[in-house]
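Written below as structure tokens is the structure these notes are about.
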């Protein structure tokens, strides 16, 4: 199967959906050619579909998201792009008080079929206001769905599902993965939301990881298997809300151990949610405490050396795995 | 009928005809309905039969009636927390609105939304909003959809003087103006934002001047004169429908009550004489005088309309009171339109 | 507010005890200090006393069954009106530890709540299913935690052992087979541990007891004179017992001083001080003067990181022989007690030990032990150090012997004192000096009398 980049996979999904459904359009900053978005995801789309369907907005996150909501209420299927996930804070009222709640407040009369795509994560010396992983905020708001793809294959299928989903979806990409290549089918396909992916099978420990941590964990687990005979099972939830609890719980029931790895800050992070669920649903299967490997409870610093210190690296993940299997 | 225009860059705007008797009577009926409905809510609230956070618009009826008389069913409406009048004027069922306020299963929003979040999709009401100015960018989105669809739909977005200071107002107006969206933004300036008089929250008395910043037409009018409102709204709606882009209308109006239904009328520095002076220009009284003077209706006709309005409200209350409460478990429904089977919420 | 009565942990190695017999029933009122149950610990049979006044609302453990240390055995409430619902939690059901690691040095591991028996939930679950007693399983996980593997191993071993016995019996010698009692097993375990881990050596000294015996006579006469012809046993409220507190009572870790308690059925007896008492008197004060002997070896993660702890209190363990074993009740703060007091306490403890009614608070936390076989005729002997103490004194019998004094032969009562010491803590010279001090004190006991 041909290999394409994570960004290309996302672009393919957008393109397929725009071809398929005239109500799908894109709205965000710098989306049109020649830039095609800050990370080049939408390159070529404005040329193909015109600037009516690929719309450049002013720098107005509340307006971008509000506009998407209004258009969705009026029957369209917008895909809004927030340039850096951190900026979504400027439009949080529209995400949290409007998009998430309008369906419920209307007693089910209307729904808000928007997708908000945003690039999160650190690794580019972008410092504190351009490097956060904020998925926990949205996991906590009923009415929102949250997706974090870790591979090009997952990204294309999940975005297609998200665009076709009738509810507001936060589609959180990772800015450091846009160049990652992977096998992706050429045709359109859907990966249903709410389905985790076991990216590596094993017996000794379950590792639940998201986004950029997935490839980091996979590289490490192969090494652990070869050098220490530890066979880890790596579960990528892919969708955080709705969460595929069943796959995670069954995995822990098999391995008896769980390590959760995410790039977001540890405190109040999504890992705590998973740990709590497993702590209840797989309690008698646990042979060791559940460990989280996450970023330190600090803002992200500018210097790459400092940034690397805070974010889970191979060493810390390995330490956690070894401690769990001890 | 006074209307002060600040700027009107589109040449050749047609003069608005005075509406015919049917339309005039319908507008009066709308105002009477709103007045009866809102006054009854105050009684119901004070006697503890309804609760929650409500904001009534007694004194502002002409704004809702005059603007919405220009709208079609498939035009979109967004409004603020003080939206009962607009929503009724747009055609929402009074029975089901009352049931919503009584927290019944038959309410427009199945008792999920309450006063500040009334939505009625069937008549294009995309929602009242509990967050000040949040509707402004959402209206831009609805306007965008209308523009893309190209069927001549128009969006009306009501907001208050307080909302004009919110960041979302600026972002939404800017987007609407730069994309030339078919939206009529109607600012009901009732001189107070919550308890703060307008002179303390904005430097200029004429908020309509902000239209200049977006290079769109801004029109100011007397919000207690329903015909003035009708006229300015008409022009703005036609402009939008014809692809002429957004307009900002500022209506000077007044509410006789406090900010929320339970608040007393007092506000920072609001003199008692002020209320009385405005009551002399009560929108229903003003319009009644006009209708009678012009020979369009008699005083008795108008009294009958008011009686019918009261009766309609009675029916709505009966409907609400006799409606069932929602089953508690329904609180878990409709968070999402689609959710996987067997997965807990 | 309910008071939980828990199985006490009397030593670092004690993991469980057996509830032999309930002394009270549900609905009975008990006063603080009153006996609630007879329990068997690794040291002795003892009385578990009520930690507070209250009504017994539940007896959570059956007679004869084992309970882990800190397991709730019973619940008391101040009144019967107070609602008490159901049994307390079994010790095994503590929530899973959720700790964070793989984090940076400046973020400490979040402390988990942890189970009382350190075993993972999966291990406990499996143990329950297989009928494995977790107190018998050795944990190989971090900090000794019992994991699935450990339980599985224990199950495998249990399943294997019947075959081993079958093989052994034909070759075994005929004879009466006596199963080990808990006490025997405990003694065996402790002595093996002592012998295997502690480098021990002994130093002996013959000591002239003339002056000591004279001092005893004088002391006994004055006691008789004070109290009349028959020494009375006067029950006193325990002066050293903890004050009643409004809140939850602290778990009984022992009374600050082994106070006198009213004990039923105690015959009037003469509180005559004997050799044992004068020795206790002198040893306690010598320990005060030699803090290096009143010490323990505290192992660290490596030998180099270990420490020697010189104890503040002088708690003298006195070995008491029992029909089926040996128990060592403790006289706390012995250095502060008079000879009379030491005598009273010794007599009481010996009495309670013989009747199996030692209060739980009188066991454990000794800093030095005195073992006396003189009364049974032994000339001298070498005792084994009682861990975690650094030394033990073995006393033989006082017997007349020929001594050289001022160049001429004399007959004097002489006793051999042997001290066995932990060479990690003490050297020969120090032990010899201690014995020197003892000898000096015994030569002039009235100088010590407080």
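The values are calculated or read from the model by the stated rules, or taken from the named source; none is laboratory data. Everything quoted here is computed from the prediction, not taken from an experiment. Cβ: placed from backbone, ideal geometry, glycine included. Neighbour counts: every protein chain shown.
Close contacts from the range A:143-162, counting a first residue that is on the phi < 0 side of the Ramachandran plot and away from chain B (no Cβ under 14 Å) and a second that is assigned to a helix (DSSP H, G or I) and surrounded by fewer than 24 Cβ atoms within 10 Å (Cβ to Cβ), with Cβ to Cβ under 7 Å and a gap of 6+ residues or different chains, come to A:150/A:215; A:156/A:12; A:160/A:16; A:160/A:17.
Residues of the range B:98-108 that are more than 9 Å from chain A (Cβ to nearest Cβ) and free of Cβ contacts under 8 Å to residues at least 60 places away in the same chain: none at all. Counting residues in the range B:191-204 that are in contact with a strand residue (DSSP E or B) (Cβ under 9 Å, 6 or more places away or on another chain), away from every other protein chain (no Cβ under 11 Å) and in a loop (DSSP other than H, G, I, E, B) gives one or more.
In the range B:58-74, which residue that is in contact with a strand residue (DSSP E or B) (Cβ under 7 Å, 6 or more places away or on another chain) and assigned to a loop (DSSP other than H, G, I, E, B) is farthest from residue B:139 (Cα to Cα)? So the residue we want is B:60. In this structure, residue B:321 qualifies as over 30 Å from residue B:229 (Cβ atoms), more than 14 Å from chain A (Cβ to nearest Cβ), out of contact with any helix residue (DSSP H, G or I) (no Cβ under 6 Å at 6 or more places or on another chain) and part of a helix (DSSP H, G or I). Condition (residue is without any contact (Cβ under 8 Å) to a residue 12 or more places away in the chain and closer than 18 Å to residue A:232 by Cα) applied to the range A:249-264: is it met by at least one residue? Yes, there is a match, as at least one residue in the range A:249-264 is without any contact (Cβ under 8 Å) to a residue 12 or more places away in the chain and closer than 18 Å to residue A:232 by Cα.
Considering the range C:202-221, and only residues there that are touching a helix residue (DSSP H, G or I) at 6+ places or on another chain (Cβ under 6 Å) and closer than 15 Å to residue C:395 by Cβ, the residue that is surrounded by the most Cβ atoms within 10 Å (Cβ to Cβ) turns out to be C:207. Of the residues in the range A:107-119, not one is over 13 Å from the mean Cα position of the chain (by Cα), at pLDDT 95 or above, surrounded by fewer than 22 Cβ atoms within 10 Å (Cβ to Cβ) and farther than 27 Å from residue B:122 by Cβ. Taking into account only those residues within the range B:109-124 that are more than 7 Å from chain A (Cβ to nearest Cβ) and part of a loop (DSSP other than H, G, I, E, B), which is nearest to residue B:53 (Cα to Cα)? My answer is B:114.
Evaluation of residue A:172 against the conditions (1) surrounded by fewer than 24 Cβ atoms within 10 Å (Cβ to Cβ); (2) in contact with a strand residue (DSSP E or B) (Cβ under 6 Å, 6 or more places away or on another chain); (3) closer than 30 Å to residue B:119 by Cβ; (4) more than 14 Å from chain B (Cβ to nearest Cβ) shows that the sole unmet condition is (1).
Remark: residue A:189 matches the filter, which requires a residue to be in contact (Cβ under 8 Å) with a residue 12 or more places away in the chain, within 19 Å of residue A:22 (Cα to Cα) and more than 13 Å from every other protein chain (Cβ to nearest Cβ). For the range A:40-63, a residue qualifies if it is in a helix (DSSP H, G or I) and away from every other protein chain (no Cβ under 14 Å), and the qualifying residues are A:45, A:46, A:47, A:48.
Residue-by-condition table, conditions (1) surrounded by 24 or more Cβ atoms within 10 Å (Cβ to Cβ); (2) within 7 Å of chain A (Cβ to nearest Cβ); (3) in contact with a helix residue (DSSP H, G or I) (Cβ under 7 Å, 6 or more places away or on another chain):
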| position | (1), (2), (3) |
| --- | --- |
| B:92 | no, no, yes |
| B:96 | no, no, no |
| B:132 | no, no, yes |
| B:138 | yes, yes, yes |
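Of all the numbered requirements in (1) surrounded by fewer than 16 Cβ atoms within 10 Å (Cβ to Cβ); (2) more than 10 Å from every other protein chain (Cβ to nearest Cβ); (3) within 22 Å of the chain's Cα centre (by Cα), residue A:307 misses one, and that requirement is (1).
Those residues that are under 26 Å from residue A:246 (Cβ atoms) and over 16 Å from the mean Cα position of the chain (by Cα), I need them from the range A:168-184; list them, please. Passing the criteria: only A:182.
In the range A:82-93, which residues are facing chain B (nearest Cβ under 10 Å) and either modelled with pLDDT under 95 or touching a strand residue (DSSP E or B) at 6+ places or on another chain (Cβ under 8 Å) (or both)? A:91 - this is the single residue of the range A:82-93 that is facing chain B (nearest Cβ under 10 Å) and either modelled with pLDDT under 95 or touching a strand residue (DSSP E or B) at 6+ places or on another chain (Cβ under 8 Å) (or both).
Which one is farthest from the other protein chains (Cβ to nearest Cβ) among residues in the range A:310-326 that are assigned to a loop (DSSP other than H, G, I, E, B) and buried (at least 18 other Cβ atoms within 10 Å of the Cβ)?
Only one residue fits best here, namely A:311.
Among the residues of the range A:65-81, those identified as more than 8 Å from chain B (Cβ to nearest Cβ) and surrounded by 24 or more Cβ atoms within 10 Å (Cβ to Cβ) are A:79, A:80, A:81. Is it the case that some residue within the range B:205-223 is without any contact (Cβ under 8 Å) to a residue 40 or more places away in the chain and farther than 22 Å from residue B:141 by Cβ? The answer is yes; a qualifying residue exists. Tally time: how many residues in the range B:148-173 are free of Cβ contacts under 8 Å to residues at least 60 places away in the same chain, in a helix (DSSP H, G or I) and within 22 Å of residue A:76 (Cα to Cα)? Looking only at that region, the number is 5.
Of everything in the range B:150-185 that is closer than 12 Å to residue B:75 by Cβ and surrounded by fewer than 24 Cβ atoms within 10 Å (Cβ to Cβ), the residue that is farthest from the other protein chains (Cβ to nearest Cβ) is B:152.
Here is a check on your reading of the model: is residue C:286 over 19 Å from the mean Cα position of the chain (by Cα) and in a loop (DSSP other than H, G, I, E, B)? For residue C:286, the condition - over 19 Å from the mean Cα position of the chain (by Cα) and in a loop (DSSP other than H, G, I, E, B) - is not met.
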